[in-house]
Amino acid sequence: MSLAFVPAGPARARTAILISGRGSNMAALLAAAADPAYPAQVVLVLANKASAAGLATAAAAGIPTAVVESRGFKGDRAGFEAAVQAELARHGVELIALAGFMRVLTEGFVAHWFGRMVNIHPSLLPSFPGLETHERALAAGVRLHGCTVHLVSPGVDEGPILAQAAVPVLAGDDADSLAARVLAQEHRLYPAALAWLAAGRVRLVAGRALVDAADGAGALANPLP
Ligand code: GAR
């Protein structure tokens, strides 16, 4: 048994958010971290595309931003990650939150950050890893769908689960209406889960993540239709 992340001291954990696009989860994390009592401090927002809309949101909030264009590293994932790692080191980053970051990371990078890197995924993992999760949930006819925050392991959308929120799938849903219902829960779940990790409340036991949280660990939301 071991803590996933051990806070260095009373200072807030220096956290980078990695994005590829809109950045609404990033915005939810920034809003939470605006409270000085929140255990993570966002010191960097990094995008792999200069066109990522979330960069402007971060800059407007006064958060340092960086762009490492993945297009410039075609076929050279290690080179791309070395450039990302250099930015992380320059900002003294201790924790990484992937928020709609649509690049698959190499095993070496993931191993280096294991226990200190989280991701949010728009399904109840291990169901529907990968893309088009809402379309596939509708096609499968599931009655519950949702989102998952997990520690990042090698393998797409894999790793010990920190928290999940479930939402109902309603008769009239299309992918957009279902995505919106899930996204509202993502914005609630991610700040809570990152706070647990940053506060040193996540233990790794036999490959699973256990959360010591008086405010309710694990599944947070099962709203009734
Ligand atoms: C979110 O729904 C997030 O869960 C998903 O991308 C969206 C990004 O939106 N991530 C993945 O699919 C990762 N496998 P955002 O940029 O507004 O946060």
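No value in this document is a laboratory result; all are computed from the given coordinates. Note that the coordinates shown come from a computational prediction; the quantities given were computed from them, not determined experimentally. Heads up, the Cβs are rebuilt from the backbone with ideal geometry, glycines too, and the neighbour counts pull from every protein chain shown.
Observations on the model:
- Structural size metrics of the chain, computed from C-alpha coordinates, are Rg and Dmax of 16.8, 50 Å.
- Neighbours of residue 110 by Cβ distance under 13 Å: Lys/Arg scored +1, Asp/Glu scored -1, total -1.
- Compared with the direct C-alpha span, the chain from residue 212 to residue 90 gains 40.8 nm at full extension, assuming 0.36 nm per residue.
- Farthest toward positive dipole pole in the range 74-154 [+1 Lys/Arg, -1 Asp/Glu at C-beta], among 92, 118, 75: 118
- Residue 11-residue 205 pseudo-label distance in nm [points 7 Å out on the Cα-to-Cβ vector]: 3.2 nm
- Cα centroid separation - the range 71-129 against the range 1-68, whole Å: 13 Å
- Electrostatic tally near residue 180: other residues with Cβ closer than 15 Å to its Cβ, Lys and Arg +1, Asp and Glu -1, net -2.
- At full extension, residue 31 and residue 74 could sit 12.1 nm farther apart than now, given 0.36 nm per residue minus the alpha carbon distance.
- Between the amide H of residue 45 and those of 17, 65, 66, distances stay under 5 Å, these residues lying 5 or more places away or on another chain, with hydrogens modeled in the peptide plane.
- The H on the amide N of residue 159, modeled in the peptide plane, is under 5 Å from the matching H of 153, each at least 5 residues off or on a different chain.
- Residue 170 versus residue 51: modelled label distance in nm, points set 7 Å from Cα along the beta carbon direction: 3.3 nm
- Net length gained if the chain between residue 127 and residue 107 were fully extended (0.36 nm per residue, minus Cα distance): 5.0 nm
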